[in-house]
Each structure stands twice: as structure tokens, then as C-alpha cells.
Amino acid sequence: MNILISYLTRKRRGGLARKDEIVSTDILRLGRGADCNLHLPDQRILLSHAQIVDRPGGYFIEALGPGDLRVNGIATQAARLAQDDRISIGPYELQVVGGEGQDFGLTVELVRPLGDDLAQLRARSRTSLRRVAMSVRGWSWVLASAVLLLFLALPVVAHFVHPVGVKSALMSGSGGGSPLSRADSVWITGALSGPHRFFGDNCGACHQVAFAKVPNEACLTCHTNVRHHADTAKFAFADIAGRNCESCHREHNGPEPIVLRDQAFCVSCHGDLKSRSPAVTVGNVTDFGRDHPQFRPRVIQDAATGAVQRVSLDADAKAQEHSGLKFPHDKHLKPEGLRSPDKGMVKLDCASCHKPDAAGVGFLPIRMSVDCQGCHALRFDGRAPDRELPHGKPVEAMRVLQDFYAGLALRGEVQDQNAPEVTRRRPGQPLAESERKEALAWATSRAKEQADLVIGKALCAGCHTVNQGADGTWAVAPVKLADRWLPAGAFVHNKHASVSCDTCHDARKSDAATDVLLPRVQTCQNCHGGEAAAGKVPSTCISCHSFHRPDMAPLATQKSADAK
């Protein structure tokens, strides 16, 4: 709708001034707010006071708040407008008139101004420096002297009277002590971080030299295990022994963490690390979501020697680990379950064997006696269902077999028809020396046969590589599992508890223990992005990597820049 708005102003000497304005809008808003089409600049008017809308029955005015709205002298919240209607909005009076070619027109006149009372009140409320006893220059000298005294002179005197290392009563919160002893507290730039708050009343613990930066030795007094970031013998540019700790760890910022999390700090070196040193083996990285090298887990190549090798998950051949163990995940994760010797059909999942540690970061070591032996019992003879061979000790297992069958033979309890008659005699009959030797010879032969079966084929060989020496004894090949495939990275499993194991580890399709069941970096990037990621979990470098690496030399052995 098009509205002709005429603003009327009555002159002191008589006459009427008129200012016309044409407004084209769907809804004509009236009020003191700057967004209103009809602006009524008076403090008694609401920011959005009323609106005029075109409806099928005509033009209607509607109140938008508790302010005063009258049509033809009658208070209302909504009314249909007609020609010559008078609208009262606070001190303004509007009249509906002809639009002179527009849809309709409105005249607007301020009929009840505030008057001179407000101006007089404001004038009486103003106070100038001329009304007080001192000039502007005098007050400037007084205030400048007060600032110098309170914030410079008194703190300096307080420092020398109460040297650093003495607890300030104000900082300790006790409220005791003389005002002079608390004067230097005005220099505190902010609250301490949470980890340092417990000694926050002892400034001298860190500020060991007056009017000087905190020396590194003050930090290393407590942080004795802080280590270098890289091998400085190979990468001299990564030596941080000459830098102050506070250049990265800013204190007195309140509860904010003092660990530097800015991604740009790491990218400043790692964005083009290979150009700095040819000895670098890690790839360049600028952002986890867009530009991060493929994971290179450290896998066991020889369980006997413990030799390890970094293998990229981008390689054409599937990454393999030769731990000396045989274990098919797919057979243990069958949907229909497995038959247990004592429990019938049992359905296993990842949590059946992989139990989280107390911190929820990783998992407890898998132990045969706790996690496996319930299904893989080491029983070797049906006549002794409660007796099992010792795990991982083939020499002791041979002795157990020898003792067991020797006892059967000497007692005459053997029921094998192919065994010598002396071993099948009635129990309790005495043995001659020759019969005893015959019985023990059979026991030795039977123990060897059973060892070849349970150690060489059935029990041990199912999970281990076993070897038989020239003397007939068995040996189990060494087993060594990687404690951490990605030792330079941090991954907390309990933070990902809402995600199923199958999302990252494709164990149900793995038929060999040599498979490295780690996800590729693309799997992590499905949920995690870089520092400025939108719609994903923002992740910076220190989300997964520690700056001070635990495998590097300790910083405590280095002299700080202050000592130099």
C-alpha cells in the first residue's frame, strides 16, 4: 500500500508548516524505533507502538504493546480505519485523510510536547568543575599524584619491605596484614590458572627476581619431567632450551588453560618441515581435516627380536604385523556364536576380550587365563577333566604329561587295550623292578604321543607357532604384540564410546592375526576437522599429539635463557 504522510508543525506566530512523504510498504509501523516507517521521536512512545495493515475488510490499526492508542477518543487495541478518523498515539494526533492519488493519507501532529520541565531538570543536573573549589589543572595534578602513589610508589616500597617469597595477606584471602604489605597486589595482572592456584599466594615461587621475567628454572623446579620436542642433535631448529617457558605458556589469564593450542604455532614448522631438514621422516601437515599425512603405525616385524617398522596405511599391500600369534577375528565374531566347552553357544563381541583400562584411554592386556581359557581349555585327557597344561611353558607341559601317565601306569589304571598288560593290571598289586621300568617306558611313550598332539597340533599350535627340536622337545615361538601402534599420537577410547568398534576396526572380516586393524586417516576425518572446522569436531594438533615428547631428553638438564 502507498500512504501519503503529512507532518504538521504549528509556528509560534501562527500558520502551519507541512512536510509530505510517500511511504510504500505492506505494513506501516509507527513508533520511536529507527526501523519504523512512521517515526515518532518522543520518549513517551514505544519503540514499536502500533501498525497499520491492509486486510480484506479495510485498513486496520493494531497496538504492538501496552502504550496509549485511541481512535476517535476511544482506547483500543485494534480498530478499522475510515476517512477522517482521528488516532491518538501518546502526544501525537493522526488523522486519516485523502491520499491525493495514494491509497490513503495521514496527517501527523505533535499536540502535547514535553514542555520546558525536562530541559530545566537536565540543566540543574549538570555539574561542572567551575562549581567546585579547584580548577581542571589542579584536579589533574591531584589525580595524577594519587595514581603514582597508589600504583607505583607504594607497591615498590611494599616489595622491598616484604620481598618476593613472602605470602601476601591480600592474595591469600585472609584480609590480615598492614595495608603496606598488601600494596603490591595491585600489580597482579589476573587470576592464576587452575593447576597453579594452590600456591597463588606465594608470588616468589615463580617470580624469583624482582622486575624480571619468570626464569625457566622456576618452572623446571616442579615440571622436572618436561622434555624436548625433538632430537636437537638431528634437528637443531627444534631446540627450545633457549626459549622462555612463558613465551608459550601464558599465566594470569584466569581459568583459561595455559597450554598453547593454536594450530598456526605447529603449522609454522610442520607445514613445510621437509624443506628444513632432509632427515625428517614425517610428512608435512597444515590442517587435520584437509591436509594430514596417512597414519604410519609401528608394527612388529620379528617377534623374536622385537624389531619394529613404520608402515603407511596408504601402501598397496595390506599392512601386516608378525607378532608370532595366530588369531582369526572373523571366527570369534560369528553372528551365530561359538560353542563353548562348558557354556554351550556363546556370542562374542569386541568387549568380550578387549576390556578398557582404569583411565578409559586404552585396554588391558589380553591374558590367556582370563580372556581365552574359558573356551580354549588346555585339557589333555578325558580321564582328568579338571587338569590342564600350563600355558606358554612347553617344558613344564611335558613334565605334567609324563607325571600324569606315569601315575596311571604305576597304579594300573590304564584302560588302553594296546598298552602293556602291566599297566592294565588290577590296582594295588605290587610291581617288580622290570615291570616298573616297562610301565614307565610306556608312560614316556604315551606322554610324547600326547605332546605331539596337544602341543604340536591341537591346542598350542592353534594359536602359536611351535617347533620341535632334534631331541623331540617342543618350543613355542616368541610372541610380541605392539603396546601402541601409534606411539606419537593420543587416542582416548572412552570419548568414542558412542561409536561402535566396527566403525573404525574392520575385525569381522579379518581372518589372520597379521592384519593391522587400524582405521586410515580418512575414517577419522569423517568426524574430525581442523581448527576452524564447521559441522565436525574441531581438532588442533595437540588434540592428538604432545608437544613435549616423553621419548626425548628432559629440559631440566638444559640451562635456560635466563641463566645464560
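The values are calculated or read from the model by the stated rules, or taken from the named source; none is laboratory data. All figures in this text were calculated on a predicted structure; none of them were measured in a lab. No Cβ is skipped: glycine too gets one built from the backbone with ideal geometry, and neighbour counts run over all protein chains shown. When the accessible area is computed, the model is the full protein with side chains, heavy atoms only, and any ligands, DNA or RNA have been set aside. Shrake-Rupley method; radii C 1.70, N 1.55, O 1.52, S 1.80 Å.
Can you name the residue in the stretch 353-368 that is open to solvent by less than 60 Å² (accessible area, probe 1.4 Å) and touching a residue at least 12 places away in the same chain (Cβ under 8 Å) and, of all such residues, is farthest from the chain's Cα centre (by Cα)?
368
Taking the options 279, 241, 230, name whichever one is exposed (fewer than 13 other Cβ atoms within 10 Å of the Cβ), in contact (Cβ under 8 Å) with a residue 12 or more places away in the chain, assigned to a loop (DSSP other than H, G, I, E, B) and among the hydrophobic types (A, V, I, L, M, F, W, C).
When all the criteria are applied, what remains is 279.
Just to verify a result, which residue in the stretch 369-403, among those that are under 21 Å from residue 442 (Cα atoms) and among the hydrophobic types (A, V, I, L, M, F, W, C), is most open to solvent (accessible area, probe 1.4 Å)?
395
Test each condition in (1) assigned to a loop (DSSP other than H, G, I, E, B); (2) open to solvent by 40 Å² or more (accessible area, probe 1.4 Å) for residue 475 and report the one that comes out false.
(1)
For residues that are open to solvent by 30 Å² or more (accessible area, probe 1.4 Å), closer than 18 Å to residue 465 by Cβ and of a type outside the set (Gly, Ala, Ser), tally how many sit in the stretch 294-327.
8
Over 57 Å from the mean Cα position of the chain (by Cα), at pLDDT below 95 and farther than 27 Å from residue 22 by Cβ: which single residue out of 121, 150 fits that description?
121
Taking the stretch 4-43 only, how many residues are open to solvent by 20 Å² or more (accessible area, probe 1.4 Å) and either aliphatic (A, V, I, L, M) or not in a strand (DSSP E or B) (or both)?
Count: 18.
Condition check ((1) among the aliphatic types (A, V, I, L, M); (2) under 30 Å from residue 215 (Cβ atoms); (3) in contact with a strand residue (DSSP E or B) (Cβ under 9 Å, 6 or more places away or on another chain)) across all residues:
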position	(1), (2), (3)
251	no, yes, no
285	yes, no, yes
292	no, no, no
306	no, no, yes
312	no, no, no
324	no, no, yes
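Return the residues of the stretch 345-361 that are outside any loop (DSSP other than H, G, I, E, B) and either farther than 14 Å from residue 492 by Cα or modelled with pLDDT under 90 (or both); say none if nothing qualifies.
Hits for the stretch 345-361 are 345, 346, 350, 351, 352, 353.
Starting from the stretch 282-301, take each residue that is without any contact (Cβ under 8 Å) to a residue 24 or more places away in the chain and on the phi > 0 side of the Ramachandran plot and list its partners that are buried (at least 19 other Cβ atoms within 10 Å of the Cβ) and among the β-branched types (Val, Ile, Thr), counting only C-beta distances under 8 angstrom and pairs at least six apart or across chains.
Filtered contacts from the stretch 282-301: no entries.
So which of 65, 73 ends up being open to solvent by 50 Å² or more (accessible area, probe 1.4 Å) and either more than 18 Å from residue 6 (Cα to Cα) or touching a Leu at 6+ places or on another chain (Cβ under 7 Å) (or both)?
Going through 65, 73 in turn, the sole match is 73.
Please work out which one of (1) free of Cβ contacts under 8 Å to residues at least 60 places away in the same chain; (2) part of a strand (DSSP E or B); (3) in contact with a Gly (Cβ under 6 Å, 6 or more places away or on another chain) is the condition residue 105 fails and give its number.
(1)
Any residue in the stretch 380-398 that is in a helix (DSSP H, G or I) sitting within a Cβ distance under 9 Å of a residue that is loosely packed, with under 15 Cβ neighbours inside 10 Å and of a type outside the set (Lys, Arg)? List the pairs, counting only those 6 or more apart or interchain.
If the second residue must be loosely packed, with under 15 Cβ neighbours inside 10 Å and of a type outside the set (Lys, Arg), the pairs left are 394/473; 394/475; 395/473; 395/475; 396/390; 397/390; 398/473.
If I ask for residues that are surrounded by 14 or more Cβ atoms within 10 Å (Cβ to Cβ), under 20 Å from residue 207 (Cα atoms) and either modelled with pLDDT of 90 or more or of a type in the set (D, E, K, R) (or both), which ones from the stretch 538-564 would you list?
562
Which of the residues spanning the stretch 37-85 are within 55 Å of the chain's Cα centre (by Cα), closer than 22 Å to residue 98 by Cα and among the hydrophobic types (A, V, I, L, M, F, W, C)?
38, 40, 50, 52, 53
Considering the stretch 420-470 alone, what residues qualify as being of a type in the set (Val, Ile, Thr) and within 14 Å of residue 409 (Cβ to Cβ)?
Residues satisfying the conditions are 422, 423, 444.
Quick check, is residue 338 in contact with a Cys (Cβ under 9 Å, 6 or more places away or on another chain), farther than 27 Å from residue 532 by Cα, surrounded by 14 or more Cβ atoms within 10 Å (Cβ to Cβ) and touching a residue at least 60 places away in the same chain (Cβ under 8 Å)?
Spelling it out, it is not the case that residue 338 is in contact with a Cys (Cβ under 9 Å, 6 or more places away or on another chain), farther than 27 Å from residue 532 by Cα, surrounded by 14 or more Cβ atoms within 10 Å (Cβ to Cβ) and touching a residue at least 60 places away in the same chain (Cβ under 8 Å).
Considering only residues of the stretch 443-472 that are out of contact with any strand residue (DSSP E or B) (no Cβ under 6 Å at 6 or more places or on another chain), under 23 Å from residue 366 (Cβ atoms) and part of a helix (DSSP H, G or I), which is modelled with the lowest pLDDT?
458
Looking for whichever is of a type in the set (Asp, Glu) and in contact (Cβ under 8 Å) with a residue 24 or more places away in the chain here; the options are 93, 100. Which one fits?
Testing whether each residue is of a type in the set (Asp, Glu) and in contact (Cβ under 8 Å) with a residue 24 or more places away in the chain leaves just 100.
Regarding the stretch 514-532, can at least one residue be identified that is part of a helix (DSSP H, G or I), open to solvent by less than 80 Å² (accessible area, probe 1.4 Å) and over 17 Å from residue 292 (Cα atoms)?
There is no residue in the stretch 514-532 that is part of a helix (DSSP H, G or I), open to solvent by less than 80 Å² (accessible area, probe 1.4 Å) and over 17 Å from residue 292 (Cα atoms).
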